[in-house]
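Colleague: For reference, the structure I am asking about is given below.
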Amino acid sequence: MEDSRKKPIMIGVIVVCLIVAGLITFARRGGGGSGIDSISDDKMTWVKCSNPKCKAEYEMSEKQYFKEMEKRFNPMARTSPPLTCEKCGKDSLFRAVKCPYCGIVFIRDSVPNDLFDRCPECGKSETEEIRKKRLAGEQ
Ligand SMILES: [Zn+2]
Ligand SMILES: [Zn+2]
């Protein structure tokens, strides 16, 4: 007698649990903040101003970068929106890479249809160099 009454309750509890779990997953995805918050505060990223009169290049907190990016994100645009340059105040700041080989700072994807970190100055790409090393079995 008692067992047959408990069963529907158990099923009800399981269903509620599944709905709650689903909602939590959905809320996390929808919020999008958890990924950014997991970036450590002292992680830095290079940025470069594309304004020819300014050309400022400096490091900023990666977390800050992604927070600004999230605010400006336009789902219709296929490219990352520029941020406001702290030197000239124009919206022409892009994420950049410091070349570990020649030391210049350049905007990511400077070389079209190539690796994002291909250096326009010396032509090397860190990603490519790492791949080459792996292929050579050096680690
Ligand atoms: Zn600038
Ligand atoms: Zn270089």
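Colleague: If you take the residues in segment 84-94 that are within 10 Å of ligand 1 (Cβ to nearest atom) and not charged (D, E, K, R), which one is surrounded by the most Cβ atoms within 10 Å (Cβ to Cβ)?
Modeller: Taking segment 84-94 as the starting set, the residues that turn out to be within 10 Å of ligand 1 (Cβ to nearest atom) are 84-93.
Now narrow it down to the ones that are not charged (D, E, K, R): 84-85, 88-89, 92-93.
Values: T84: 13, C85: 21, C88: 15, G89: 10, S92: 19, L93: 27.
Checking each candidate, the answer is L93.
Colleague: Check segment 95-110 and report whether any residue there is open to solvent by 40 Å² or more (accessible area, probe 1.4 Å), at pLDDT below 95 and among the β-branched types (V, I, T).
Modeller: No, segment 95-110 contains no residue that is open to solvent by 40 Å² or more (accessible area, probe 1.4 Å), at pLDDT below 95 and among the β-branched types (V, I, T).
Colleague: Condition (residue is closer than 16 Å to E57 by Cα and either surrounded by 15 or more Cβ atoms within 10 Å (Cβ to Cβ) or touching a residue at least 40 places away in the same chain (Cβ under 8 Å) (or both)) applied to segment 118-127: is it met by at least one residue? Lay out the reasoning, then the answer.
Modeller: Filtering segment 118-127 down to residues closer than 16 Å to E57 by Cα leaves 119-121.
Now narrow it down to the ones that are either surrounded by 15 or more Cβ atoms within 10 Å (Cβ to Cβ) or touching a residue at least 40 places away in the same chain (Cβ under 8 Å) (or both): 119.
Among the residues of segment 118-127, at least one is closer than 16 Å to E57 by Cα and either surrounded by 15 or more Cβ atoms within 10 Å (Cβ to Cβ) or touching a residue at least 40 places away in the same chain (Cβ under 8 Å) (or both), which makes the answer yes.
Colleague: Applying the selection to segment 68-83, what residues are open to solvent by 100 Å² or more (accessible area, probe 1.4 Å) and of a type outside the set (D, E, K, R)?
Modeller: Correct list: F73, P75, M76, T79.
Colleague: Which of the residues belonging to segment 55-67 are within 24 Å of R118 (Cα to Cα) and open to solvent by 40 Å² or more (accessible area, probe 1.4 Å)?
Modeller: Of everything in segment 55-67, those that are within 24 Å of R118 (Cα to Cα) and open to solvent by 40 Å² or more (accessible area, probe 1.4 Å) turn out to be K55, E57, E59, F66.
Colleague: Further question on the same structure: Within the set of pairs 6+ apart or on separate chains, which have a first residue in segment 90-105 that is in the same structural domain as A56 (by TED's automatic domain parsing), a second that is of a type in the set (F, W, Y), and C-beta atoms under 7 Å apart?
Modeller: Correct list of pairs: R95/Y65; A96/W46; A96/F106; V97/W46; V97/F106; K98/W46; C99/F106; V105/W46.
The values are calculated or read from the model by the stated rules, or taken from the named source; none is laboratory data. The model shown is predicted, which means the values in this text are computed figures rather than measured ones. Heads up, the Cβs are rebuilt from the backbone with ideal geometry, glycines too, and the neighbour counts pull from every protein chain shown. These area figures cover heavy atoms from the full protein model, side chains too; ligands, DNA and RNA do not enter into them. Shrake-Rupley method; radii C 1.70, N 1.55, O 1.52, S 1.80 Å.
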